[in-house]
């Protein structure tokens, strides 16, 4: 599904943040990427989804066998790559429901599927809301405008559920959430799991992994994958902290 | 006096893409000789077989204009205009006005076809009566009979002068006097045609009245005159849309619109302006110098202006309300976009004269490319405007770092009980917003259009439905190529 080889990337001021990341995520798997602040977790998410401001200097990324990095951000999205934002962006005056329908229809068009009319869309929306236990009031508000932190994260998961991506990348979606919101996030991820999908969970803490059991856990430190292991690695980190990995830089 | 526009067609060669309506219709024109003097004014008046009083009125305006100067206070860079080089009258060459659509020059109908104007049965289906103005003469008026049966007058200005001289004489210039400003004086002297609406007492006009203006013949300044009178307790909604073919030299458009709302009457006036804005290098484009003003003469009357200004090289326009009647209401909702080298200096004037008068101003300015966008608004509370209120909100949105947004509010209060509120914001479309939309699968253009439409929502929702859809498309087209 996703194959990252020797990935190096710089940020706008020229500093190199990723210093040779290798990662192989197969279809059907959930991988957790953990690491201290400033280790390059968000940079990795940004580079994979095409966020402006990063320059890839070395390495390559294959998504479903073809080069991901040459695609524009919207092309990546329509090809099935989804990013749940750490800080979801407000778009005043744009109705949440309208936004989601535009996004969904753009993706469906790409796949050669018919666009959903308002009725079909509403039906699909209601099913997902129920699944995730989210209130309908969220739909009629401006995209993320005046949302609480928890509502913003729930909205990200709701979008993910509607868009049904092949590769979902969640950038610290669990940070700052109360237990109810955390469970919504977990429910959304678990509902998405399937033999032809993959999830990359970027997180600082272990607690989300109590609800979403990962197939693999990686520690990103100093711009490299410093250690990989099974789900038990997350528990080990919880006990010993990241200090053991030092700063690989 | 006919000029052959076919040579212009060959001169233009392959029409540049980008401006969809940049085509020139080949028809023989009946034009006044270039230049402007008393004889030009007489020529126009004679052509239109006008009564003596109107000729005198025009000449009076012309003599005012001769003593006036081009205004310089707006934040605009305007190349000098040679008023003696322009042609002040151009009419499709046909001896008699057509009686029905079948008599209309097929070339003209095709032009409208390309513009997507619902003139034929489409007009009936859409429930829109179109008084289509081609250059200077109205070529077709639909739904006239339906409206006529109700007592509503909707016709060309010229026809109104002939058929309803008492109404025209009473109200012409009553809101915008001949000597009001340079461009209004010019219009008053040489206006060629336009639209006239009268809605009788207590009647609610059952359909949106719509006029499309179109500048066609080369070097023809277009001077439209619109007069709308809503008698006591009546209601009318009027739509004005504009497109113009592509030209290399700048064309002047100086219209005057006068609205009169008597006691308990309401007028809603909506504009989508899409004149040719000039090319990406700032060459060509329409100069749009328009005077629009409404008088709420009667108690509890209301006038609403809604405008979406996406076109023109230069826009100079301040649709205003004079709130004379007690408890009268004025509203101004505006979206103005400037891209490439476009300049807009637009806003409104709310003059509160009566007691308990209220006004609302919502202005959304969008600047992209090297566009310069200025909101200029005056709110004046006269001494007798007890408890008058105004609320103004001016928001500017910048796309890129070479454009400009300016807000120039003038507030004059001569009554201690009046309240004026002014809010202004300036924001930039952030990379984060664009990336967020793109990361959900929307293209860069769609993302931009979505964000801009969201920004303009408070204004767009004031437009009648069919206009709102057109306006949203125009916003997207106007901003093409402004990012990425």
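The values are calculated or read from the model by the stated rules, or taken from the named source; none is laboratory data. These figures come from a predicted structure and were not determined experimentally. Cβ: placed from backbone, ideal geometry, glycine included. Neighbour counts: every protein chain shown.
Going by what's in this entry, would residue A:93 be described as part of a loop (DSSP other than H, G, I, E, B) and at positive phi? So residue A:93 fails the test. Of the residues in segment A:137-145, at least one is at pLDDT below 90 and farther than 20 Å from residue B:447 by Cα. Looking at this structure, is residue B:330 under 19 Å from the mean Cα position of the chain (by Cα) and part of a strand (DSSP E or B)? When the stated conditions are applied, residue B:330 passes them. Among the residues of segment B:169-182, those identified as within 18 Å of residue B:292 (Cβ to Cβ), touching a helix residue (DSSP H, G or I) at 6+ places or on another chain (Cβ under 9 Å) and touching a residue at least 24 places away in the same chain (Cβ under 8 Å) are B:172, B:173, B:176, B:178, B:179, B:180, B:182. Tally time: how many residues in segment A:139-172 are part of a loop (DSSP other than H, G, I, E, B), on the phi < 0 side of the Ramachandran plot and more than 14 Å from chain B (Cβ to nearest Cβ)? Qualifying residue count, segment A:139-172: 1. Among the residues making up segment B:414-451, those that are more than 9 Å from chain A (Cβ to nearest Cβ) and in a helix (DSSP H, G or I) are B:445, B:448, B:449.
Scanning segment A:197-212 for residues that are assigned to a loop (DSSP other than H, G, I, E, B) and under 16 Å from residue A:168 (Cβ atoms) yields A:197, A:211, A:212. Considering segment B:155-166, and only residues there that are touching a strand residue (DSSP E or B) at 6+ places or on another chain (Cβ under 6 Å) and assigned to a helix (DSSP H, G or I), the residue that is nearest to residue B:199 (Cα to Cα) turns out to be B:160.
Taken over segment A:74-119, the criterion of being more than 9 Å from every other protein chain (Cβ to nearest Cβ), farther than 26 Å from residue A:63 by Cα and surrounded by fewer than 20 Cβ atoms within 10 Å (Cβ to Cβ) is satisfied by A:97, A:116, A:117, A:118, A:119.
Condition test on residue A:194, is it under 21 Å from residue A:43 (Cβ atoms) and in a loop (DSSP other than H, G, I, E, B)? Steps first, answer last, please.
Values: under 21 Å from residue A:43 (Cβ atoms): no; in a loop (DSSP other than H, G, I, E, B): yes.
For residue A:194, the condition - under 21 Å from residue A:43 (Cβ atoms) and in a loop (DSSP other than H, G, I, E, B) - is not met.
Condition test on residue B:304, is it over 10 Å from the mean Cα position of the chain (by Cα), surrounded by fewer than 24 Cβ atoms within 10 Å (Cβ to Cβ) and in a strand (DSSP E or B)? In short, yes.
Could you please let me know if residue A:209 is over 23 Å from residue B:438 (Cα atoms) and either within 14 Å of chain B (Cβ to nearest Cβ) or in contact with a strand residue (DSSP E or B) (Cβ under 8 Å, 6 or more places away or on another chain) (or both)? For residue A:209, the condition - over 23 Å from residue B:438 (Cα atoms) and either within 14 Å of chain B (Cβ to nearest Cβ) or in contact with a strand residue (DSSP E or B) (Cβ under 8 Å, 6 or more places away or on another chain) (or both) - is met. If you go through segment A:200-211 and keep only what is in contact with a helix residue (DSSP H, G or I) (Cβ under 6 Å, 6 or more places away or on another chain) and buried (at least 22 other Cβ atoms within 10 Å of the Cβ), you end up with A:202, A:209.
Residue B:459 - would you say it is without any contact (Cβ under 8 Å) to a residue 24 or more places away in the chain and farther than 15 Å from residue A:85 by Cβ? Judged against the criteria, residue B:459 is not a match.
The set of residues from segment A:122-138 being free of Cβ contacts under 8 Å to residues at least 24 places away in the same chain and outside any loop (DSSP other than H, G, I, E, B) comprises A:122, A:123, A:126, A:127, A:130, A:136, A:137. Residues that are within 14 Å of chain B (Cβ to nearest Cβ) number at least 1 in the following strands (runs of 3 or more DSSP E) confined to segment A:8-69: A:54-63. From the list B:361, B:366, B:353, the one residue that fits, being surrounded by 24 or more Cβ atoms within 10 Å (Cβ to Cβ) and farther than 14 Å from residue B:306 by Cα, is B:366. For residue A:38, the conditions (1) within 27 Å of residue A:205 (Cα to Cα); (2) in contact (Cβ under 8 Å) with a residue 12 or more places away in the chain all hold with the exception of (2). The single condition among (1) farther than 30 Å from residue B:364 by Cα; (2) in contact with a helix residue (DSSP H, G or I) (Cβ under 8 Å, 6 or more places away or on another chain) that residue A:183 does not satisfy is (2).
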